[in-house]
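The values are calculated or read from the model by the stated rules, or taken from the named source; none is laboratory data. Treat the numbers as computed from the prediction; the structure is a model and nothing was measured. Note that each Cβ is placed from the backbone with ideal geometry, even for glycine, and that neighbours are counted across all protein chains shown.
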Amino acid sequence: MTETIERNATLATAVQQPRLMDRVRASLRVAHYALSTERTYCHWIKRFIFFHNKRHPIEMGAPEVEAFLSHLATAENVSANTQNQAMHAVLYLYKHVLGIDLPWLDGITRARESKRLPVVMTQRETQALLRHVHGTSGTIIKLLYGTGMRLLEGLRLRVKDIDLERREIIIREGKGNKDRVTMLPASLVDELRDHLQARRVIHDRDLSTGHADVELPHAIERKYPQAGRQWAWQYVFAAKSYSTDPRTGIYRRHHVGEWVIQRGVRAAARAAGIPKLVHPHTLRHSFASHLLENGSDIRTVQELLGHADVKTTMIYTHVLNRGGKGVTSPLDRLA
């Protein structure tokens, strides 16, 4: 009886608060989750609610969560990674938005773990693909392969994080919210210098029109109000036109869209006649594999990729224990 009264009181409080999905988005933004993560979590939370006929999550608990996750595995045959994604989204809703700690979910039917080997291009295939890329998207594609960066890590590069003299790139807030340093291929230094000169012209034009502000991480915008207009903070690879920020509603220039590079990689792979499913992350897989083939030490490759555990890096290995005193970008070897 007491439990029912408490649950009804909690439900009444929830009804008086802002809409549930608005609360979810606000919580994710306070915690500095990426926009893509926000959209993914909101998608799975909505799926969970609709699966239970639009019942409010406060009226449900662990049995309903288990039923939803088991349905994904048995009826929809999703992968283990997809099921885990849905589980993290729903658990975030209960713990961080509703303030409810669910008991351990023992009754979930787990999706079967699958161990897939990454698609890797040979060095000859990579060379053929790079012959079919051009312009700014071509520079980005070559940089992704030459550094091993993830797609968004490359697109979010700021001017201040590229050191042409030392041939270094600092990758900020990578996966796991970690910074790391990777090499800048020597064969791309002149190309990037020319690109930055052209980019500076665009920035100066934006300053004159009052649209030079760029999105800044976390509290930097409050601490340094003028930083958003400074050259150092600008995206290296800026979009051709302005767009409205979906979170703030501010009209400004963003970085190049992911879809531009995804299409560019697929088109180049088709033009090169590569009979594999190639996408931007394939460039990262190929970077790691080619470094190992060329004798680089696996611990060095792990550091360049930003892997927390060397076991993750070992998926690329068929050549081990070769050592390696230094690392040369595989892009430089092709050049």
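Summary table below
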| item | result |
| --- | --- |
| Of all residues in the range 270-307 being of a type in the set (Ser, Thr, Tyr) and part of a helix (DSSP H, G or I), the one that is nearest to Gly138 (Cα to Cα) | Thr282 |
| Residue in the range 63-74 that is surrounded by the most Cβ atoms within 10 Å (Cβ to Cβ), counting only those that are out of contact with any Gly (no Cβ under 8 Å at 6 or more places or on another chain) and small (Gly, Ala, Ser) | Ala73 |
| Positions within the range 191-213 being in a helix (DSSP H, G or I), among the aliphatic types (A, V, I, L, M) and touching a residue at least 12 places away in the same chain (Cβ under 8 Å), in sequence order | Leu192, Leu196, Ile202, Leu207 |
| Residues satisfying the stated conditions in the range 79-135, i.e. among the β-branched types (Val, Ile, Thr), over 21 Å from the mean Cα position of the chain (by Cα) and closer than 30 Å to Val260 by Cβ | Thr122, Thr126, Val133 |
| The listed residue being among the hydrophobic types (A, V, I, L, M, F, W, C), assigned to a helix (DSSP H, G or I) and outside the structural domain of Ala80 (by TED's automatic domain parsing), out of Leu102, Leu129 | Leu129 |
| Among the residues listed as Leu216, Leu188, the single one being assigned to a helix (DSSP H, G or I) and under 25 Å from the mean Cα position of the chain (by Cα) | Leu188 |
| Single residue of Val97, Val78, Val119 found to be in contact (Cβ under 8 Å) with a residue 40 or more places away in the chain and buried (at least 17 other Cβ atoms within 10 Å of the Cβ) | Val97 |
| Filter pass, Arg55 being closer than 30 Å to His218 by Cα and modelled with pLDDT of 80 or more | no |
| Test result for Arg299, modelled with pLDDT of 95 or more, more than 22 Å from the chain's Cα centre (by Cα) and among the charged types (D, E, K, R) | no |
| The range 191-227, residues that are at pLDDT below 95, among the charged types (D, E, K, R) and touching a helix residue (DSSP H, G or I) at 6+ places or on another chain (Cβ under 8 Å) | Asp213, Glu215, Glu221 |
| Hits in the range 223-269 (condition: farther than 22 Å from Leu164 by Cβ, assigned to a loop (DSSP other than H, G, I, E, B) and aromatic (Phe, Trp, Tyr)) | Tyr224 |
| Only one of Gly148, Gly135 that is surrounded by fewer than 20 Cβ atoms within 10 Å (Cβ to Cβ) and at positive phi | Gly135 |
| Subset of the range 13-34 (residues that are polar (S, T, N, Q) and modelled with pLDDT of 85 or more) | Ser27 |
| Residue among Gly264, Gly210, Gly273, Gly228 that is farther than 21 Å from Ile171 by Cα, surrounded by 15 or more Cβ atoms within 10 Å (Cβ to Cβ) and out of contact with any strand residue (DSSP E or B) (no Cβ under 8 Å at 6 or more places or on another chain) | Gly264 |
| Residue ID - modelled with the highest pLDDT, chosen from residues in the range 167-182 that are in a loop (DSSP other than H, G, I, E, B) and surrounded by 13 or more Cβ atoms within 10 Å (Cβ to Cβ) | Arg167 |
| Any hit, the range 191-198, residues being small (Gly, Ala, Ser) and surrounded by 14 or more Cβ atoms within 10 Å (Cβ to Cβ) | no |
| Condition broken by Asp161, with the remaining ones in (1) within 21 Å of the chain's Cα centre (by Cα); (2) crowded, with 18+ Cβ neighbours inside 10 Å satisfied | (2) |
| Tally of residues being farther than 16 Å from Leu152 by Cα and either buried (at least 18 other Cβ atoms within 10 Å of the Cβ) or of a type in the set (D, E, K, R) (or both) across the range 28-38 | 2 |
| Test: residue in the range 32-54 that is within 29 Å of Glu173 (Cα to Cα), assigned to a helix (DSSP H, G or I) and among the aliphatic types (A, V, I, L, M) | yes |
| Residue within the range 169-176 that is acidic (Asp, Glu) and at negative phi present | no |
